[in-house]
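A.B. asks: Pasting a structure here, questions to come.
The values are calculated or read from the model by the stated rules, or taken from the named source; none is laboratory data. Remember, predicted model here, so these are calculated numbers, not experimental data. Reconstructed Cβ throughout: ideal geometry from the backbone, glycine too, with neighbour counts over all protein chains shown. Keep in mind that these areas ignore ligands, DNA and RNA; they rest on the heavy atoms of the full protein, side chains included. Shrake-Rupley method; radii C 1.70, N 1.55, O 1.52, S 1.80 Å.
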Amino acid sequence: MKTAYIKWIRFLIFIVLAIIAVMSLYPLFYMAFSSMKPTIEYIKHPMGLPQTWYFDNFKALIYRFSLFRLFGNTLLYVGLSMVACLTISIPAAYAFAKLKFSFRNGFYIAMIATMTIPGVTFIIPNYLLMSKIGWTDHIVSVVVIWAVSAIPSTVFLLTSLMRGMPDEILEAIKMDGAKYYQTMTKMILPMSLPGVVTVSVFNATNWWNDLLTPLIYLQSDNLKTVTVAVATVLNRFSSDYPLLLSGLLLSSLPPIAIYIVFQSYIRKGLVVGAVK
């Protein structure tokens, strides 16, 4: 009886997970099939499969909207933001987790408290600040806003991870004459790599999908990101849904590819440090 009960529970769990998977993947397949239809065919059969494979929508995105340039801009902004965020967050997390200094807990609590403040409250002050220092319509504004906004959550997650590392290992490497930066780069960073990759993937996904920040700070067409360009297509060609869905499909592929490539690190990062 117990074995049969467990089998039924597993079967129900499988059914629930299958339903969730179908609901999650359906929008992706809908975008893929709809983007390969002419506009007239989409209007007549919006839910059906393409009768003929139509790739002109992708060609239009590549040649008319400079898709490769948009992807290059977004990758550049995300990459620079990642470098800036990790350059500050990793040493800060190491200091909060393993070093002892005055007001350590107070600084940590104050930084974590900023995570509770809605991001929209910083829009006007940040824009006024960027305007006064001349960083509007420049990639630096987007990189700084993205990196700074992600630092508190990144430090919080990495600090929790580093606190679970044995102090004996760190003491041993210090006795060998290693300095603080050597301890961080040769011991702390390799041990916390799964957590660093996990938080980096989450940050990169959020930045890639961010519409508001580049829309506010970047006015020039040659500086726009993929997300902003897709929104522009929606405004200019509101009735050309296959073209819009083509842009949405292509813009969603990089985050999916990043997750597939780093999924092993993400699984490790979600559980590492949970058990001391």
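A.B. asks: Quick check on my filter: what residues within the stretch 105-132 are under 24 Å from Ala92 (Cβ atoms) and either in contact with a Cys (Cβ under 7 Å, 6 or more places away or on another chain) or loosely packed, with under 11 Cβ neighbours inside 10 Å (or both)?
C.D. replies: Within the stretch 105-132, Asn105, Gly106, Ile109, Ala113, Thr116, Ile117, Pro118, Thr121, Pro125 qualify.
A.B. asks: On the basis of being open to solvent by less than 70 Å² (accessible area, probe 1.4 Å), out of contact with any His (no Cβ under 9 Å at 6 or more places or on another chain), in a helix (DSSP H, G or I) and farther than 20 Å from Ala257 by Cβ, does Ile15 make the cut?
C.D. replies: Here the answer is yes, as Ile15 does meet what is asked.
A.B. asks: Looking at the stretch 117-146, I want the residues that are farther than 25 Å from Asp221 by Cβ and have a partner that is outside any loop (DSSP other than H, G, I, E, B) and open to solvent by less than 50 Å² (accessible area, probe 1.4 Å) with Cβ atoms under 9 Å, at least 6 apart or on another chain. Which pairs are those?
C.D. replies: From the stretch 117-146, the pairs are Phe122/Ile145.
A.B. asks: Among (1) farther than 30 Å from Ile188 by Cβ; (2) open to solvent by 40 Å² or more (accessible area, probe 1.4 Å); (3) among the hydroxyl-bearing types (Ser, Thr, Tyr), which single condition is Thr87 missing?
C.D. replies: (1)
A.B. asks: May I pose another question? Would you confirm whether or not the stretch 109-132 contains a residue that is over 27 Å from Leu211 (Cβ atoms) and among the β-branched types (Val, Ile, Thr)?
C.D. replies: yes
A.B. asks: Let me ask something additional. Could you list, in sequence order, the residues of the stretch 90-120 that are more than 22 Å from Thr198 (Cβ to Cβ), within 22 Å of the chain's Cα centre (by Cα) and either at pLDDT below 85 or outside any helix (DSSP H, G or I) (or both)?
C.D. replies: Correct list: Ile117, Pro118, Val120.
A.B. asks: Now for a different question. How many of the residues making up the stretch 158-207 are of a type in the set (Val, Ile, Thr) and at pLDDT below 80?
C.D. replies: Counting residues in the stretch 158-207 that are of a type in the set (Val, Ile, Thr) and at pLDDT below 80 gives 5.
A.B. asks: To continue, here is another question. Looking at Ala95 and the list (1) of a type in the set (Gly, Ala, Ser); (2) over 30 Å from Asn209 (Cβ atoms); (3) open to solvent by 70 Å² or more (accessible area, probe 1.4 Å), which single condition is not satisfied?
C.D. replies: With (1) of a type in the set (Gly, Ala, Ser); (2) over 30 Å from Asn209 (Cβ atoms); (3) open to solvent by 70 Å² or more (accessible area, probe 1.4 Å) applied to Ala95, the lone miss is (3).
A.B. asks: Does any residue of the stretch 46-64 turn out to be farther than 25 Å from Thr183 by Cα, free of Cβ contacts under 8 Å to residues at least 60 places away in the same chain, outside any helix (DSSP H, G or I) and of a type in the set (Gly, Ala, Ser)?
C.D. replies: Yes, that holds for at least one residue.
A.B. asks: For Tyr42, all conditions in the list (1) surrounded by fewer than 17 Cβ atoms within 10 Å (Cβ to Cβ); (2) among the aromatic types (Phe, Trp, Tyr); (3) under 14 Å from Leu244 (Cα atoms) hold save one; what is the number of the exception?
C.D. replies: (1)
A.B. asks: Further, regarding this structure: State all residues of the stretch 49-68 that are surrounded by fewer than 16 Cβ atoms within 10 Å (Cβ to Cβ) and out of contact with any Phe, Trp or Tyr (no Cβ under 8 Å at 6 or more places or on another chain); if no residue qualifies, say none.
C.D. replies: Gln51, Thr52, Trp53, Phe55, Asp56, Lys59, Tyr63, Arg64, Phe68
A.B. asks: Can you tell which of Thr154, Thr136 is in contact with a Cys (Cβ under 9 Å, 6 or more places away or on another chain) and among the hydroxyl-bearing types (Ser, Thr, Tyr)?
C.D. replies: Every option except Thr154 fails the conditions.
A.B. asks: Can you name the residue in the stretch 235-276 that is modelled with pLDDT under 85, open to solvent by 40 Å² or more (accessible area, probe 1.4 Å) and among the small types (Gly, Ala, Ser) and is also nearest to the chain's Cα centre (by Cα) among such residues?
C.D. replies: Result: Ser264.
A.B. asks: Under the condition of being within 18 Å of Ala95 (Cα to Cα) and without any contact (Cβ under 8 Å) to a residue 40 or more places away in the chain, which residue from the stretch 149-171 is surrounded by the most Cβ atoms within 10 Å (Cβ to Cβ)?
C.D. replies: Ile169
A.B. asks: Restricting the search to the stretch 171-215, which residues are over 16 Å from Gly79 (Cα atoms) and in contact with a Phe, Trp or Tyr (Cβ under 6 Å, 6 or more places away or on another chain)?
C.D. replies: Selection gives Met184, Ile188, Pro194.
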